[in-house]
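Reading through the structure tokens given below for one structure.
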Amino acid sequence: MWLSRAFPIRYLGSYRRAQKPPWMTNPVVFYSNFSEKKEREAPLQETRMRDRFTLYARGGEGGSGCSSVRRSRTDRYGKPDGGNGGRGGDVILECTHAVWDFSGLQPHVKGGKAGLGTSKNRIGNRGEDKILQVPIGTVIHLQAGEIPSEVQIDSPKQLDPWDLPGTLTEDPASEEIPEEATQESVQIEDEEELVPRHARTSKETDSEEEEIEQVRYNVAELTEEGQRIMIARGGEGGLGSVSATRYLRGTKSGKTVTRKSILRIMEGEADDNDEDVDEQHSSIKSGSLGSEAILILELKSIADVGLVGMPNAGKSTLLGALSRAKPRVGHYAYTTLRPNLGNVNDEDFSMTIADIPGLIKGAHQNRGLGHNFLRHIERTKVLAYVVDLASGLDGCEGVTPWEQLRDLVMELEFHEEGLSDRSSIVVANKIDEDGAEERLKELERRVKGVRIFPVCAVLEEGVPELKDGLKMLVNSDCEGSERLKLENICVD
Ligand SMILES: Nc1nc2c(ncn2[C@@H]2O[C@H](COP(=O)(O)OP(=O)(O)OP(=O)(O)O)[C@@H](O)[C@H]2O)c(=O)[nH]1
């Protein structure tokens with residue numbers, strides 16, 4: 001009764017809400033819960049790698065040209081003095097060691113819009129280029145659009161002011177407008193140059209559109225630090241009144257129009273007689289759209305040696321023992337969710353090793369993590385098959401080393417025919433386990449044609465010998481070197 005008088009029902013809810021939250025009344029409980037939660041959060045390895053990405057890119061729009069006429073007391077009609085619009089920004093891919101995969105990319109990217117031309121024959125600002133960073137080993141497949149082109153990195157001083165992003169410059173070519181330019185007798189020497197892309201004939205644009213339908217594979221690759229490729233080009237700027245006058249004077253309909261009418265058109269005061277020329281002017285005045293492209297980016301790591309093996313075979317431990325890499329190691333399968341790269345640097349020699357997430361039988365049917373990661377070893381020179389000698393020992397569940405090898409070779413071949421046909425060695429890991437020595441002897445009896453290196457990756461035993469063996473294979477001529485073939489693996 002008292003409650004309802006003092007706090008009418010409609011205030012009761014807000015009173016309850018106003019009570020202090022648990023972390024204010026008992027901060028210790030809150031902070032201990034908070035830290036527990038944080039611990040469980042994903043470490044770096046637990047985020048899945050994005051090694052395939054569809055990117056839609058579009059160049060920035062070109063700026064419109066300026067329609068302006070400069071008059072003076074001595075010149076009644078005046079002279080055109082509007083500058084051209086700037087060129088739209090390009091979309092560029094840049095190759096760098098700084099990124100691992102494509103997770104930092106946005107699916108839709110557009111170059112910067114260019115500035116408008118202004119009076120006194122000033123060119124509009126160049127649109128800002130969009131530079132996207134991609135990892136080394138990025139391969140580009142083209143679904144639609146133009147084939148990307150390599151960008152030469154020049155010092156900005158060597159560039160034409162027209163090309164410099166963010167400059168507002170006077171058009172150097174037409175600082176002084178010659179009187180003849182406004183006369184009927186002007187001849188356009190290179191008409192093509194003055195015609196913006198959007199004003200070109202429909203035939204040209206039709207043929208461009210036809211070819212964009214199919215996916216074209218491997219149109220470009222980014223393999224070196226700093227390498228740049230332009231994937232979408234910014235639109236051309238529209239013509240300002242200075243260039244437009246010259247252009248219109250060169251056209252058929254423009255020749256019949258007087259200088260006075262052209263100036264009126266520039267000022268947007270055309271009468272019915274000049275409709276054709278006026279229409280032409282408005283089309284060349286506006287800047288064109290940038291080019292479009294749909295690309296599929298795919299990452300194929302570049303390494304000298306690829307480590308392949310079943311989950312838990314000890315590949316990541318081995319990578320850590322061979323190189324300075326610190327991949328995540330765990331006693332459970334699929335600790336590795338993304339390829340890890342490690343560098344082995346000796347005085348006179350260096351090689352890169354890629355640790356590929358574990359494969360299981362049926363990976364090509366998307367079992368386990370699937371076999372998509374195998375594309376990362378397409379470019380490796382040497383394959384190191386890592387097998388777990390202790391697997392299936394002491395009545396435990398597991399696959400024998402020779403069966404592991406058979407399944408691995410088969411999965412490689414399912415992914416891509418001939419993928420296993422390259423210099424290979426077998427790393428027989430976990431030699432320290434009970435019964436592993438006997439297993440090794442049997443493995444040597446059953447597998448022929450390749451060298452087998454017994455190793456204990458945890459204790460780094462046998463690792464120097466393995467390093468020498470890998471060095472030899474990486475340095476050697478691939479032809480005639482040892483390969484692991486299915487017919488050389490004996491499985492009862
Ligand atoms: N006894 C023994 N255990 C090892 C050896 N090498 C690795 N291990 C253990 O095997 C387990 C798996 O090792 P990882 O290096 O994560 O194996 P992985 O092949 O990278 O596993 P995935 O990430 O699932 O592909 C870990 O508990 C390691 O400590 C070894 O030489 N001897």
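The values are calculated or read from the model by the stated rules, or taken from the named source; none is laboratory data. These numbers were taken from a predicted model, which means no experiment stands behind them. Quick reminder, even Gly has a Cβ in these numbers, built from the backbone with ideal geometry, and neighbours come from all protein chains shown.
Of note:
- Some residue of region 325-334 being closer than 30 Å to Ser476 by Cα, at pLDDT below 75 and more than 8 Å from the ligand (Cβ to nearest atom): yes
- Yes/no for Gly449 being touching a helix residue (DSSP H, G or I) at 6+ places or on another chain (Cβ under 8 Å) and away from the ligand (no atom under 13 Å from the Cβ): yes
- Complete set of residues in region 301-317 that are surrounded by fewer than 20 Cβ atoms within 10 Å (Cβ to Cβ) and more than 13 Å from the ligand (Cβ to nearest atom): Ile302
- Every pair of residues 6+ apart whose Cβ atoms lie under 7 Å, when the first sits in region 330-349 and is in the same structural domain as Gly314 (by TED's automatic domain parsing) and on the phi > 0 side of the Ramachandran plot while the second is near the ligand (Cβ under 8 Å from one of its atoms) and at pLDDT 75 or above: Tyr334/Pro311; Tyr334/Pro357; Tyr334/Gly358
- Residues located in region 375-407, provided they are surrounded by 22 or more Cβ atoms within 10 Å (Cβ to Cβ), assigned to a helix (DSSP H, G or I) and away from the ligand (no atom under 12 Å from the Cβ): His376, Ile377, Pro401, Leu405
- When Lys441 is tested against (1) in a loop (DSSP other than H, G, I, E, B); (2) surrounded by fewer than 19 Cβ atoms within 10 Å (Cβ to Cβ), only condition (1) is not met.
- Qualifying residue in region 457-479 (condition: touching a helix residue (DSSP H, G or I) at 6+ places or on another chain (Cβ under 6 Å), under 21 Å from Glu378 (Cβ atoms) and assigned to a helix (DSSP H, G or I)): no
- Subset of region 409-432 (residues that are more than 28 Å from the chain's Cα centre (by Cα) and within 16 Å of the ligand (Cβ to nearest atom)): Val426, Val427, Ala428, Asn429, Lys430, Ile431, Asp432
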